[in-house]
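So the structure is just underneath, and the comments pick up after that.
The values are calculated or read from the model by the stated rules, or taken from the named source; none is laboratory data. Worth saying up front: this structure is predicted, and the values here are computed from it rather than measured. Note: ideal-geometry Cβ built from the backbone for every residue, glycine included; neighbour counts use all protein chains shown. Only protein heavy atoms, including side chains, enter the accessible area calculation; ligands, DNA and RNA are left aside. Shrake-Rupley method; radii C 1.70, N 1.55, O 1.52, S 1.80 Å.
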Amino acid sequence: MLEQLKDIHRQAVEELDGVADAKALELWRVRYLGKKSSLTGALRSLAALPLEERRDVGARANEIKRDLESRLEEKERFLQQSLLTSPLASQGIDVTLPGRPIPTGRLHPITQTLNEICCVFRNMGFQTIEGPDVEWDYYNFEALNIPQHHPARDRFATLWIDAGAGAKARLLRTHTSPMQIRWMERERPPIRVIAPGRVYRYEATDATHESMFCNVEGLAVDRSITLADLKGTLFEFCRCLFGEERQVRFRCDYFPFVEPGVEVAISCAACDGAGCRVCGYSGWVETAGAGMVHPDVLRRVDIDPQTYSGFAFGVGVERISMLRHGIDDIRLFYSNDLRFLRQF
Ligand code: PHE
């Protein structure tokens, strides 16, 4: 039996010498270390031997097995190494040369700003929701206290999909405020949500206007929410994004779906209030419209304005991004000039 093992060992070692690739190595492994190999067979038939012999043969067989296993490992390493070095020798390929760099992508500056804005509100407890770009007249206007022929419609130069079909007409949403209605239709207070998304206006473009841009809508509805909560929230937002030095200005404004309504402006970060192209030489940049949710809007979605009140705001994302990076033309964002985009 011991003789037999010795033969197997010698044969295996000899054969391993001739193995030149991974496939042959696998065949070798199956033949000498596999389940059906003679070595495994020998180990299995130990039980039939007398005790004395069993001990010797068993120890020897295990020794051989370990030896073959370590030889196998060594051969594997050797083959791998030669896989790297042989083309080097035979074809003159230098595998140590640095590779050609693969250009990495990055997020669009507006996506980056959008993420930052959402993060600030998320930290204040707002949940992020999303809704459709193609909207019904009902959600974009009617339910927000802007019926047909209301003069406030002039403020939103609308891109229509169906013309003249009343509340059932489709359009490209002109703001994210329809998400207020969509959310309040299905959820009850307390509500704290933000709704980021694209909005569209049928407008000539210039340095501060685009026909497509991004808004982040905010809505909070609960018992005893006041204008002070709105101010506190937006102050905190401005501080988080622009630091303590920026001033925030609230002025009266009119939106049919809020009462009272305010316009929020930040002292221009590009010129520190001195006046420049970013702020239209006024020292201030309007960044949001806001106000207390109009009681009629709450009533329309079956929320009792005697019990609940709320605030809403709509932040202009491009304006914020322009302020943060000192960009003086909104059109740069969507003209896809890589020389511009690569800077972010
Ligand atoms: N939706 C308004 C706009 O785009 C902004 C706004 C939002 C105003 C919420 C009040 C409350 O002009």
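Worth pointing out:
- Residue ranges 316-325, 269-278, 92-101 sort as 316-325, 269-278, 92-101 when ordered by packing (mean number of other C-beta atoms within 10 Å per residue, highest first).
- A DSSP coil position with no more than 11 other Cβ atoms inside 10 Å describes the following trypsin sites (Lys or Arg not before Pro) in the stretch 1-51: K35, K36.
- Total charge dipole magnitude, the stretch 166-230, about the Cα centre, Cβ charges on Lys, Arg, Asp, Glu only, Debye to nearest 20: 380
- Protection proxy ranking, peptides 295-308, 191-204, average beta carbon neighbours within 10 Å, highest first: 191-204, 295-308
- Where labels lie 7 Å past Cα in the beta-carbon direction, separation of R100 and E245 in nm: 4.6
- Charged-residue dipole, Cβ positions (Lys, Arg, Asp, Glu), the stretch 18-116 about Cα centre, Debye nearest 20: 340
- In Å², nearest 10: area of F255 left accessible to a 1.4 Å probe: 30
- With all protein chains in place and a 1.4 Å probe, the accessible surface of the chain carries 51 percent carbon and sulfur.
- Modelled this way, with points 7 Å down the Cα-to-C-beta line, the labels at Q81 and Q127 are 6.1 nm from one another.
- Per-residue ³J(HN,Hα) for the stretch 151-164, Karplus 6.51 cos²θ - 1.76 cosθ + 1.60, θ = phi - 60°, Hz, x for Gly and Pro: x, 5, 5, 5, 5, 10, 5, 8, 8, 8, 9, 10, 8, x
- Cys residues of the chain that find no other Cys beta carbon under 4.7 Å: C118, C119, C214, C238, C240, C252.
- Computed [θ] at 222 nm, deg cm²/dmol, the chain (DSSP H ≥ 4; -39,500 (n - 2.57); rounded to nearest 500): -13000 deg cm²/dmol
- FRET efficiency, 1/(1 + (r/R0)^6) with R0 35 Å, evaluated for L51 and E26 via beta carbons: 0.40
- Selected from I303, G291, L323, residue furthest toward positive end of dipole (the stretch 109-341; charges at beta carbon): I303
- Residues in the stretch 148-209 average 51 Å² of solvent-accessible surface per residue, probe 1.4 Å, ligands and nucleic acids excluded.
- Area of D133 that stays accessible when all protein chains are in place (1.4 Å probe, Å², to 10): 50
- Karplus (6.51, -1.76, 1.60) ³J(HN,Hα), θ = phi - 60°, over the stretch 276-281, in Hz, Gly and Pro reported as x: 7, 5, 4, 9, x, 6
- Per-residue accessible area (protein heavy atoms, 1.4 Å probe) orders W136, W183, W28, W284 as W136, W284, W183, W28, starting from the largest.
- Residues whose placed amide H lies under 5 Å from that of Q127, excluding near-sequence neighbours: R192, V193, I194
- Candidates T158, P98, F126 compared by Cα position along the dipole of the stretch 34-168: farthest toward the positive end lies P98, with charges placed on Cβ.
- Derived scalar couplings between HN and Hα for the stretch 249-257 equal 10, 10, 10, 5, 8, 10, 9, x, 9 Hz in order, rounded to whole Hz, by the Karplus curve 6.51 cos²θ - 1.76 cosθ + 1.60 (θ = phi - 60°), x for Gly and Pro.
- Convex hull volume of the C-alpha atoms in the stretch 2-91, normalised per residue: 74 Å³.
- Cα centroid separation - the stretch 1-68 against the stretch 210-288, whole Å: 81
- Global geometry of the chain, whether rounded, prolate or oblate, following the gyration tensor of its Cα atoms and the 1.5 cut on a/c: prolate
- Dipole magnitude for the chain: about 580 debye, using +1 per Lys or Arg Cβ and -1 per Asp or Glu Cβ, origin at the Cα centre.
- Placing unit charges on the Cβ atoms of the charged side chains and taking the dipole of the chain about its Cα centre, the candidate lying farthest along the positive direction among W183, C214, N62 is N62.
- The amide H of V199, built 1.01 Å from its N in the peptide plane, has F213, C214, N215 as neighbours under 5 Å, considering only residues 5 or more places off or on other chains.
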